[in-house]
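Below is one structure, written out as C-alpha cells; comments come after it.
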Amino acid sequence: MSDNARPEIRFQGAGVSPGIAQGAIHVVRDDLDDVARYHIEPSQITNEIGRFETALIQTRVQILEMQQKIAESIGAKDAGIFDAHLLVVEDRTLIDEVLRKLEHELCNVDWVFQEVAANYAETLSKIDDPYLRERALDIQDVTKRVIRNLQGKAPKTFLALTEPHILVAHNLTPSDTATMNRERVLGIATDLGSRTSHTAIMARSLNIPAIVGLHDATEKLETGRHVLLDGTNGLLIVDPTPETLAHYGEIESRRVKVVTQLKELRETKSTTRDGRHIVLSANIELPDDIEAVAANGAEGIGLYRTEFLYLNRSTLPTEDEQYKTYRKVAECVSPNPLIIRTFDLGGDKLAAGTVDVSDELNPFLGWRAIRFCLENTDIFKTQLRAILRASAAGNVKIMFPMISGLDELRRAVSILNECKEELRRTGSAFGDATEVGAMIEIPSAAISADILAREVDFFSIGTNDLIQYALAVDRVNERIAHLYEPTHPAVLRLLKMIADAAHANDIWVGVCGEMAGDIALIPLLLGLGMDELSASATLVPRVKRAVQSLTIAECRQLVDETLKLQTPSEILDRCLELANQRYGDLLG
Ligand code: PEP
Ligand code: MG
C-alpha cells in the first residue's frame, strides 16, 4: 500500500520510449481539458484581452455562418436556435466578469473564461426554469467554441506548466511533443498512439520515457495522482506500493549499469565480429538533437526530419533561415555525413499555420511529402536551395521521401537541377556533387527498386511507412497495433528485394525506420546486407553492441532460414534466439 493507503492500480499499454519516470500526473483528456491555469504579468493583460476579443468575434462569425447554412438547407425556423448562441457571445455580464477576473487573478484568459462560463452555466442550470436551463446548455456549447478559437492562436497551455510532471493525454501531436520541455515533462502516457507514430519517435529522441495505447487511462485518472511510468514494459502504475518502488529501484540501478557500459563503446567502431563495418548513424528531428549524435557514438546523421522546422509557426521558414540551420548541423557532424530528407509534411505531421494539408480522409495515403512538394515547387525549391548551399559546408546528402516510382524521382531531381542552375547564376556557393538518395517506403518503390537504383546514389529504407503500406496497418492506430509486424514474411521479402536491387546497381542501402533501432531485428538487417543503420541517437549504443556481437556469416544464415518460415512470430522467435545468444543482457 502507498502512503495514502490507496491500492496500487496498473495500466498496461505499449512501451515506446524506454526508461522509468516517477511523479505527479497532469491529465489532458481532449482539446478542452488542456486549459491549464498559468500566471500572466500585468503587462500581458492587454494582449490577453485582445486574444479574448478576437476569439469572441471569430466565434460570432462561425455561429452566423452555421446559422446561414442551416437556414439554406433546413429553413429559417431551425436556424433560430443559434440566436441563443449569439446572445452568449454578446452577454455583457459574462464578458465583464471575465475581464474583472482576468485583472484580479492575473491568469491566462482561456482558463478565466472557462471558469466564469462554467460557474454561470451551473447557476442557470440550478434555477427551476426550463428556459434558463436551456441557456446553460447554450453557454457550454459556446464556451467550447470560444476556447477552441482561443487555443488556435495560443500555444497549448499544458506546454506552459512550470512544475515537473508526467503528462497523461488522450492524444498528442508531433508538434506538441516537439515543443516539450525535457526538464518539466518527466514521462508521457497516451490513450492513443503506437510505436512508429511521430509522437513516440520524438519521445525517444528527447529521451522521455513514454507509453502509448492505454485506451482510456485519461478517463480513469485525475491530475495530481502519483505514478511510476515504466516506458520499457509499457506500465503506468498509479500509487505504487513500497514493494513496487523497491523493485523498480533495482531495475533502475541495473539499467544505469548497462548505460555506463554502453557509454564505453562511444569511440569504438561498429564492426561485426567477422570484420564488416556497418555505418551507424542517428536520426534527428530538431537541430538541438545534434549534441546527442556524437555523445552516443553515431557516425553522422542518417535522417534529418526537416519537416519539424515547419511546425509550430505561422510563416514558412525562409531560405536563409534554413540554410543557417542546415549549415550548423552539417558543420557539427562533418566530416561524417548529414542526410537531409526534404520535408515530409502530411500524415500525422500537420503544420496548421503554414503548409496546411489537413482534412483528408486518409492522410497517410494523401497529399504528403514529395507529392505536396512537386505541386508546390516554390516551397520545395526554397528548401532545396538552402540544402545545396549548406552542402558546401560539410558532407551533406539529400534524400526524397515517399517516392512511389521513377516519374516522381525524375521530377524531384530535375527541380534540384533547376535550383543548382539558379545558384550558379547568382554566384552562390554550393556542393555540386551532393549525393541524392530515395527513401524506399512505399511497396511500389520496393518492388521496382531495380529501376530506381539506376538513378540515385543510395537508398534509405523507411520501414515505418513501408510496413504500414505493405500490411495495410495505419501506423498510428493503437487498435490494430498488434497487426503491425516488422517480421511479416512479406516485409522480409520486400527488404531483400530492395537490398539486392541496390547492390546489383552498386549503390549503398541503409535503414532509417524504427526497425534499425530494434536490437532484436539487427541480425535480420545485417543478414540482408544493409550497409547503414540509422536510429534515434539514444538507441545507437545498443545497436552498436549488437553489431559488434554478431558475424555477417551467422546473420546471412539466419536470413536464409527465415526466408523459408511462414509466420511473423516464427521469424521473430528465430531473430530473438540469435540476439539472445549474442547480447541477451540488452534484451532483458
Ligand atoms: C519511415 O517511414 O520509416 C521514416 C523513417 O520516415 P517517417 O517515420 O518520418 O515517416
Ligand atoms: Mg516515412
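Would you pull out the residues with amide H under 5 Å of Ser281's amide H, same chain only if 5 or more places away, H placed 1.01 Å from N? For Ser281, the qualifying residues are Glu299, Leu533, Ser534, Ala535.
Between Ala160 and Trp367, the simple label model (points 7 Å from Cα in the Cβ direction) yields a spacing of 3.3 nm. Which shape class applies to region 42-150: rounded if a/c is under 1.5, otherwise prolate when a/b exceeds b/c and oblate if not, where a ≥ b ≥ c are the square roots of the Cα gyration tensor eigenvalues? Taking the square roots of the gyration eigenvalues as a ≥ b ≥ c, region 42-150 is oblate. What the chain shows is 44 Å² of accessible area per residue, with the surface traced by a 1.4 Å probe over protein heavy atoms. Please go through the residue pairs Lys257/Lys544; Lys126/Lys220; Lys349/Lys397; Lys397/Lys420; Lys263/Lys324; Lys496/Lys564 and name each one whose alpha carbons sit more than 20 Å apart in this structure. Beyond 20 Å: Lys126/Lys220; Lys349/Lys397; Lys263/Lys324.
Were the residues from Ala118 through His215 laid out at 0.36 nm apart, the gain over their Cα-Cα distance would be 32.1 nm. Most simply put, the chain has about 30% antiparallel DSSP beta bridges, counting only bridges with both residues inside it.
Relative to the longest principal Cα axis of the chain, at what angle does helix 406-426 sit, 0 to 90 degrees, rounded to 10? The answer is roughly 80 degrees.
As a rough guide to protection, the peptides 372-385, 88-101 ranked by mean Cβ packing within 10 Å, highest first, stand as 372-385, 88-101.
Split the accessible area of the chain by element, probe 1.4 Å, and carbon with sulfur accounts for 51%. Among Val413, Val28, the order of accessible area from largest down is Val413, Val28, computed with a 1.4 Å probe on protein heavy atoms.
The values are calculated or read from the model by the stated rules, or taken from the named source; none is laboratory data. Only a predicted model underlies this, so the values are computations on that prediction, with no experimental measurement involved. As a convention, Cβ positions derive from the backbone with ideal geometry for all residues, glycine included, and neighbour counts pool all protein chains shown. Heavy atoms of the whole protein, side chains included, go into the accessibility calculation; ligands, DNA and RNA do not. Shrake-Rupley method; radii C 1.70, N 1.55, O 1.52, S 1.80 Å.
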